[in-house]
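Visitor: Below is one structure. I have some questions about it.
Every number here is computed from the coordinates shown, using simple stated rules; none is lab data. Everything quoted here is computed from the prediction, not taken from an experiment. So basically every Cβ, Gly included, is an ideal-geometry build from the backbone, and we count neighbours across all protein chains shown.
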């Protein structure tokens with residue numbers, strides 16, 4: 001990969017305060033991009049800014065449609081966008097509540113629609129050859145017990161990614177999704193700390209292990225780069241072979 005490619009590029013990363021989103025923001029920053037980190041976690045944004053002063057930050061609740069549009073509009077133009085913000089509420093199918101479903105769809109799907117509409121519209125006006133990456137999940141393609149709302153939302157992300165690629169492609173904007181397995185973020189380590197639960201999932205992964213944040217980051221950075229110049233409309237598993245079984 002051309003390590004100078006991201007110099008002079010401006011990239012927005014949502015959900016950039018922790019986990020995969022933070023890893024993506026920092027890797028892009030290391031590669032010379034001007035990074036704008038967007039999150040609803042103001043305290044974490046302040047910590048990120050204190051540690052990496054050249055990273056720009058913006059705070060907004062992405063489930064607030066109108067306020068999100070105001071904030072993202074004010075941020076200016078971008079060459080790239082990573083939609084990483086998301087939520088996972090686990091409930092058995094028969095107990096999945098309307099509230100849980102609405103919260104999940106609002107953040108995991110509707111927020112991507114909202115932010116991407118604003119960013120892509122500006123790319124088109126400014127004739128920016130852009131790239132958008134949506135963080136999906138292996139759960140978009142495989143049923144996971146107690147993940148009704150989450151699985152539905154990530155399937156919607158993949159479907160919307162394909163439509164975005166179709167309609168934005170003529171404007172030289174590429175759109176792809178990345179579909180990780182369980183990733184060992186701080187939250188991931190907590191959620192999968194129980195050995196029986198963890199081993200049951202690992203037994204379905206041919207490589208026999210969960211993923212690390214950097215392994216997802218590497219794929220996202222590739223899809224944003226010129227190395228993926230003909231890649232668009234894909235949903236790329238980073239799952240150790242889980243979806244192959």
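Visitor: For region 161-168, check the following and say yes or no: at least one residue is outside any helix (DSSP H, G or I) and either at negative phi or buried (at least 19 other Cβ atoms within 10 Å of the Cβ) (or both).
Guide: Within region 161-168, the first condition is being outside any helix (DSSP H, G or I), and the residues that meet it are none.
No, region 161-168 contains no residue that is outside any helix (DSSP H, G or I) and either at negative phi or buried (at least 19 other Cβ atoms within 10 Å of the Cβ) (or both).
Visitor: Suppose we filter region 98-135 for residues that are over 18 Å from the mean Cα position of the chain (by Cα) and at negative phi; how many remain?
Guide: Start the filter on region 98-135 by keeping residues that are over 18 Å from the mean Cα position of the chain (by Cα), which leaves 98-102, 121-129.
Next cut, at negative phi only: 98-102, 121-126, 128-129.
Residues meeting the conditions: 13.
This table checks each residue for (1) within 13 Å of the chain's Cα centre (by Cα); (2) closer than 30 Å to residue 98 by Cα.
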residue	(1), (2)
137	yes, yes
197	no, yes
203	no, no
208	no, no
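Visitor: Tally time: how many residues in region 189-244 are free of Cβ contacts under 8 Å to residues at least 40 places away in the same chain, closer than 27 Å to residue 17 by Cα and not in a helix (DSSP H, G or I)?
Guide: Counting residues in region 189-244 that are free of Cβ contacts under 8 Å to residues at least 40 places away in the same chain, closer than 27 Å to residue 17 by Cα and not in a helix (DSSP H, G or I) gives 7.
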